[in-house]
Amino acid sequence: MNYRRLGGSGLKVSELSFGSWVTYDNQLDANAARECMAAAWDMGVNFFDNAEVYAAGKSETLMGEALGKLGWPRLKYVVSTKFFWGITDGPNEKSTLNRKYLLNAIDGSLARLRLDYVDLAYCHRPDPDTPIEETVWAMHDMIERGKALYWGTSEWSAEQVRAAWHVAERHHLRKPVVEQPEYNLFHRARVEREYAPLYDEIGLGLTTWSPLASGLLTGKYRSGVPSGSRGALPRMKFLVPALTDKAKNDAVARLAEVARELDCSVAQLAIAWCARNPHVSSVITGASRVEQVRENLQAAQVIGKLDGEVMARIDAIVAGLSA
Ligand SMILES: NC(=O)c1ccc[n+]([C@@H]2O[C@H](COP(=O)([O-])OP(=O)(O)OC[C@H]3O[C@@H](n4cnc5c(N)ncnc54)[C@H](OP(=O)(O)O)[C@@H]3O)[C@@H](O)[C@H]2O)c1
């Protein structure tokens with residue numbers, strides 16, 4: 001496993017990391033969650049991603065229990081969480097990035113994670129109702145109070161990221177160092193075009209999500225929705241039209257041929273393709289069982305096989321299918 005700088009910051013994160021969306025509490029109990037983290041750790045992962053809203057706080061609780069039992073030295077791993085949607089009801093508790101919510105929410109997350117601080121705190125979505133100045137000051141204060149070490153955004157527009165960075169620059173505050181956008185073979189535009197000027201301009205780093213487009217890029221949806229998969233979970237039904245899209249599944253079959261030639265699985269090819277982008281600091285993988293963790297993290301060995309010719313073949317296969 002290689003470790004990359006988180007954008008312009010000095011923090012080093014494993015180029016492949018592990019996150020808990022959908023899986024923790026819904027598919028993985030405490031033991032299975034811990035086993036997945038242990039398997040990831042054994043393969044060199046040092047970065048574990050979470051969010052307050054995942055399983056309404058239970059995902060953080062499970063990760064906190066696992067970290068407690070695994071007993072790794074705190075200096076050796078990086079944990080993130082994210083704030084925006086909230087997990088209780090009230091005008092200052094839901095869908096906000098105001099100062100009151102943010103400086104309260106971090107305490108709940110730290111208690112559930114059983115940590116003194118998180119390494120990374122994200123603003124999970126932009127909040128049009130709170131001035132960016134207020135959010136930037138609150139994230140700065142969260143860091144100054146020792147509750148987070150770095151902060152970033154998730155699915156903010158390039159304009160919003162730039163505006164936050166300039167507020168921080170103007171007032172000598174802690175700057176956002178990272179964005180967390182969706183990035184996979186079928187979802188590329190934001191990372192490759194919209195954010196492009198920001199990599200040099202402000203040293204933006206990326207930790208990217210859904211490298212397998214929720215499982216579509218494993219080939220498991222080519223003949224419909226298999227039982228036990230994410231697409232079969234009642235609360236994830238909204239994903240089914242995208243997961244079973246015929247043109248995309250046909251493209252996955254062609255990607256599988258490329259993968260076979262490279263002696264890897266199509267999931268490994270898809271994950272390695274994300275990590276091949278030098279602007280990506282870490283590709284956050286997800287898994288509902290330990291075998292998937294092991295398969296996916298072996299993608300680290302595939303990154304070097306993606307030369308210009310292979311990349312051109314991949315581009316040709318997904319042409320016209322990527323947003
Ligand atoms: N910032 C944000 O807004 C945001 C949004 C989404 C995710 N994230 C982060 O990104 C992480 C990864 O996202 P994701 O879970 O959507 O990633 P993904 O890689 O697109 O999908 C992971 C899912 O695909 C299936 N899968 C994974 N490996 C497989 C394999 N080798 N063979 C067959 N099936 C496999 C599993 O689901 P089944 O086995 O159930 O089918 C697994 O849970 C999340 O955990 C979270 O930390 C962030």
*Identify, please: which residue in the range 185-235 is aromatic (F, W, Y) and out of contact with any Ser or Thr (no Cβ under 7 Å at 6 or more places or on another chain) and is, among those, farthest from the ligand (Cβ to nearest atom)?*
Y199
*Taking C264 as meeting all but one of (1) in contact with a helix residue (DSSP H, G or I) (Cβ under 6 Å, 6 or more places away or on another chain); (2) within 20 Å of V310 (Cα to Cα); (3) of a type in the set (A, V, I, L, M, F, W, C); (4) outside any helix (DSSP H, G or I), write down the number of the exception.*
(1)
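From the list R294, R289, R313, which residue is surrounded by fewer than 19 Cβ atoms within 10 Å (Cβ to Cβ), modelled with pLDDT of 95 or more and more than 11 Å from the ligand (Cβ to nearest atom)? First the steps, then the outcome.
Numbers: R294 fails: more than 11 Å from the ligand (Cβ to nearest atom); R289 fails: more than 11 Å from the ligand (Cβ to nearest atom).
Answer to the check: R313.
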*Of A33, A39, which residue is without any contact (Cβ under 8 Å) to a residue 40 or more places away in the chain, outside any loop (DSSP other than H, G, I, E, B) and farther than 19 Å from T207 by Cα?*
A33
*the range 215-261: number of residues that are within 20 Å of K305 (Cβ to Cβ), over 25 Å from the mean Cα position of the chain (by Cα) and not hydrophobic (A, V, I, L, M, F, W, C)*: 4
*asked:* Condition first: in a loop (DSSP other than H, G, I, E, B) and surrounded by 17 or more Cβ atoms within 10 Å (Cβ to Cβ). Now tell me which residues in the range 106-124 satisfy that.
replied: L115, Y117, H124
*asked:* Condition first: surrounded by 19 or more Cβ atoms within 10 Å (Cβ to Cβ) and within 18 Å of R313 (Cα to Cα). Now tell me which residues in the range 220-248 satisfy that.
replied: K248
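Going through the range 73-98 one residue at a time, which ones are within 20 Å of L149 (Cα to Cα), in contact with a helix residue (DSSP H, G or I) (Cβ under 7 Å, 6 or more places away or on another chain) and either surrounded by 19 or more Cβ atoms within 10 Å (Cβ to Cβ) or without any contact (Cβ under 8 Å) to a residue 40 or more places away in the chain (or both)? Show your work before the answer.
Let us first name the residues in the range 73-98 that are within 20 Å of L149 (Cα to Cα), namely 73-84, 97-98.
Next cut, in contact with a helix residue (DSSP H, G or I) (Cβ under 7 Å, 6 or more places away or on another chain) only: 79, 81, 83, 97-98.
Matches in the range 73-98: V79, T81, F83, L97.
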_Regarding the range 141-161, can at least one residue be identified that is buried (at least 21 other Cβ atoms within 10 Å of the Cβ), at pLDDT 95 or above, farther than 24 Å from G19 by Cα and under 21 Å from the mean Cα position of the chain (by Cα)?_
no
*Mind checking which residues of the range 147-174 are assigned to a loop (DSSP other than H, G, I, E, B), more than 17 Å from S281 (Cα to Cα) and touching a Phe, Trp or Tyr at 6+ places or on another chain (Cβ under 6 Å)?*
K147
*Residue count for the range 1-41, restricted to those that are touching a helix residue (DSSP H, G or I) at 6+ places or on another chain (Cβ under 9 Å), within 14 Å of the ligand (Cβ to nearest atom) and not acidic (D, E)*: 19
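Got a sec? Which of V266, V252 is more than 11 Å from the ligand (Cβ to nearest atom), of a type in the set (V, I, T), in contact (Cβ under 8 Å) with a residue 12 or more places away in the chain and surrounded by 20 or more Cβ atoms within 10 Å (Cβ to Cβ)? Give the steps one after another, and end with the answer.
Numbers: V266 fails: more than 11 Å from the ligand (Cβ to nearest atom).
Exactly one residue qualifies, and that residue is V252.
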*asked:* Looking only at the range 175-216, how many residues end up being buried (at least 16 other Cβ atoms within 10 Å of the Cβ), in a helix (DSSP H, G or I) and in contact with a Lys or Arg (Cβ under 9 Å, 6 or more places away or on another chain)?
replied: 5
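Which of the residues spanning the range 42-55 are within 14 Å of the ligand (Cβ to nearest atom) and not in a helix (DSSP H, G or I)? Show your work before the answer.
Step one: list which residues in the range 42-55 are within 14 Å of the ligand (Cβ to nearest atom), which gives 43, 45, 47-55.
Correct list: M43, V45, F47, F48, D49, N50, A51, E52, V53.
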*Of the residues in the range 220-234, how many are in a loop (DSSP other than H, G, I, E, B) and out of contact with any Pro (no Cβ under 9 Å at 6 or more places or on another chain)?*
10
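The values are calculated or read from the model by the stated rules, or taken from the named source; none is laboratory data. What you are looking at is a predicted structure, and each value in this text was computed from that prediction instead of being measured. Every residue, glycine among them, receives a Cβ derived from its backbone with ideal geometry; neighbour counts consider all protein chains shown.
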